[in-house]
């Protein structure tokens with residue numbers, strides 16, 4: 001009986017250690033997701049500048065409007081699922097997308 005109890009305790013401790021390790025890995029990936037959420041959207045900076053500095057004839061506004069609609073969907077999804085890194089990334093993405101769209105409208109319809 002003592003041996004059986006000892007084995008159960010060992011299994012419990014091993015499972016607890018495994019959960020702790022997984023939790024640390026999840027935190028690391030979550031932290032990286034925040035960095036990627038900002039860094040990945042830096043690719044839009046040239047488009048933002050182009051949209052605000054000229055009429056940007058090569059800018060496909062329909063594509064950016066589609067990105068906006070898709071981003072809104074993913075923001076709602078991430079809020080429903082309480083995925084903080086995704087919420088953060090989508091807010092950054094939607095801000096960049098909106099900056100391009102408003103810049104294009106400002107220069108083409110103003």
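The values are calculated or read from the model by the stated rules, or taken from the named source; none is laboratory data. A quick note: this is a predicted structure, and the numbers were derived from the prediction, not measured. Counting neighbours? That spans all protein chains shown, and the Cβs are built from the backbone with ideal geometry, glycine included.
Comparison of 69, 51, 62 shows that the only residue that is closer than 29 Å to residue 29 by Cα and in a helix (DSSP H, G or I) is 69. For residue 49, the requirement of being within 16 Å of residue 91 (Cα to Cα) and modelled with pLDDT of 90 or more is not met.
Between 66, 33, the distinction of being surrounded by 11 or more Cβ atoms within 10 Å (Cβ to Cβ), within 30 Å of residue 78 (Cα to Cα), in contact with a helix residue (DSSP H, G or I) (Cβ under 7 Å, 6 or more places away or on another chain) and modelled with pLDDT of 85 or more belongs to 33 only.
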